[in-house]
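Just below is one structure, and these are the notes that go with it.
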Amino acid sequence: MSVRIVILNGPNLNLLGLRQPDIYGHDTLEDVARKCSDLAQTLGLETELFQTNHEGELVEMIHAARASAENEGAAGIIINPAAFSHTSVAVLDALMAFDGPVLEVHISNIHKREAFRHHSYVSSRADGVIAGCGVQGYELAVQRMATLLKA
Ligand code: DQA
């Protein structure tokens, strides 16, 4: 049985491929889901990708990744919190309550952009941060997740 990983995406990433393609590229979130799932299969992992524009819903998606009596949960979380990276202590606190590895992905290089994007609350919990590698960053994160889960 393969190991389940969730790939969580915050606000406006439903418009990936359409919004600001000069910054975020032309691939859609469906393209990302497919590429990650194909790669994950070769690594003995299974990925499921979710997106929400709502902070509370993102918090609940993180809670759902926790294993419980009713829910097998996820072995690891790959997350692009999008704008909530820079604002949300609630998303950070939810991730603090998750025991497995967390990898943070940003499609753009947030450090090369406006100053308000330079700080991410999530980075203080993340086991790794990938920024500025385009949507390939998600695949790099899947690869890294496989390494972390084998260790
Ligand atoms: C982003 C960077 C954030 O600053 C921005 O708010 C996003 C996307 C990225 O993937 O580069 O929505 O997380």
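Since every read-out is calculated from the coordinates, none of them should be taken as a lab result. Please read these numbers as outputs of a predicted model, since none were measured by experiment. Cβ coordinates were reconstructed from backbone atoms using ideal geometry, including for glycine residues, and neighbour counts include every protein chain displayed.
With Cβ to Cβ distances under 14 Å as the rule, what net charge do the other residues near ALA75 carry (K, R +1; D, E -1)?
Combined, the nearby Lys, Arg, Asp and Glu give -1.
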Sequence order, segment 41-50: Karplus ³J(HN,Hα) from phi using 6.51 cos²θ - 1.76 cosθ + 1.60, θ = phi - 60°, Hz rounded, Gly and Pro as x, gives 4, 6, 10, x, 10, 10, 10, 10, 10, 10
If GLU139, GLU48, GLU104, GLU30 are placed from fewest to most neighbouring beta carbons inside 10 Å, the sequence is GLU30, GLU48, GLU139, GLU104
Note on segment 1-118, DSSP bridge orientation, antiparallel percent to nearest 5 equals 0
Exposure proxy check on MET145, MET61: fewest-to-most Cβ neighbours within 10 Å is MET61, MET145
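Provide the three semi-axes, in whole Å and in decreasing order, of the ellipsoid equivalent to the chain as defined by the square roots of 5 times the Cα gyration tensor eigenvalues. Provide the component values of the computation, followed by the final result.
On the way: eigenvalues 98, 66, 39 Å².
Semi-axes from the Cα gyration tensor: 22, 18, 14 Å.
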Amide H neighbours of HIS106 at under 5 Å, excluding residues fewer than 5 places away on the same chain, with H built from the backbone geometry, are ILE130, ALA131, GLY132
